Each structure stands twice: as structure tokens, then as C-alpha cells.
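Below: the structure, in C-alpha cells.
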Ligand code: 4NP
């Protein structure tokens, strides 16, 4: 039996700052590694459904040569645990929401920085109410997580 194609869903609170940047960083790393994978992002909250990413997140991605202006916010649901093989939370609050939502036998659930050596249990801090510079830190964190996850999936 061939293994199922991996499908990764990144989840934060609003789906306009951290998880779209994680999606963008992961898409780039997967492409570089030649990894055939489905990628998406979602939020646990409903406030930004159908909205494009936060302007500061768009600018951060653009500085790294990636256009995320076409991304649109959506809310995570139970069906995502069947559609995806891996659901990856950006922080512990969202991980807790996802743990309650996950049906038995659903997608593997983890915290993004758990995959980065020495950073297990750490959150990608919410930059929404922070200064613009907070988004540089977000980008560094999600890039480290994306590289680690791609390495993990490429070894399968
Ligand atoms: P995100 O950031 O979870 O990284 O997308 C947030 C965006 C919006 C809100 C909170 C966090 N909000 O409360 O609207």
C-alpha cells in the first residue's frame, strides 16, 4: 500500500497573521525539497472568515518574495481532521481547542515548534497587537517550524 499524500493544516486564532505565514513558509520549503504535499491554514476563531491576511503579514511575506494576498481566512472544523493528515497548531490555546475538536483516529495533532529541536512546547507568539517588528519574529519562527516539518515528512 502506498502511503497517503501528506496534507498539512496550520491553525492559529484568526487565520490572518501566523497560520498564513506558516502556510507560505511551508509551501516554499516543500517546493524546495520536492515534497508532494497539500497545504492550507485556518483559524479557531470566526472573525476573519473570507478576509485576506493582515496587511503586516502580507508585507512580511512579500519581503521574502511570497505573495499571500490571495489567501482567505476560514475557520477550522471537525471535517479538517479527515481531510488532513497533520493539523499543526501555532500555540497552546489553539492546540487545546483542536484537542477537544479532534475525532478519534483523526489527523495527527501537534504544536509547530515541537518539531524544532530545543523548542518543544514553545508558542509562536501572537503578533496581532504587537509592533510591526513582531512579524519578523513570527516569520523566523514559522520558517524554522516549516523547515523542521518538511525534513520530517521527507524522511517518511
Ligand atoms: P493570528 O492573529 O491568530 O495569528 O491570525 C490574530 C488575528 C486576529 C485576532 C487575534 C489574533 N483577533 O482577535 O481578531
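Where a number appears in this text, it was derived from the coordinates with a stated rule and is not lab data. Note that the structure is a prediction, hence the values are computed from the model and not measured.
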* Fraction in percent of alpha-carbon pairs per bin - 5 Å, the chain -> 2, 10, 20, 24, 23, 14, 5, 1, 0, 0
* Stretchable slack from residue 99 to residue 131, in nm (0.36 nm times residue separation minus alpha-carbon distance) -> 8.5 nm
* So for region 1-85, what are the equivalent ellipsoid semi-axes in whole Å, largest first, each being the square root of 5 times an eigenvalue of the Cα gyration tensor? -> 22, 18, 7
* Structure fact -> Whole-number value, in Å³ per residue, for the convex hull of the alpha carbons of region 39-95 is 107 Å³
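Relative to the present Cα-Cα distance, how much length would full extension add between residue 154 and residue 5 at 0.36 nm per residue of separation?
Computed gain between residue 154 and residue 5 is 52.5 nm.
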* Structure fact -> In whole angstrom, the spacing between the Cα centers of region 27-51 and region 112-128 equals 17 Å
* Asked: Hey, any idea what the orientation-averaged projected area of the convex hull of region 85-156's Cα atoms comes to, in nm²?
  -> 5.4 nm²
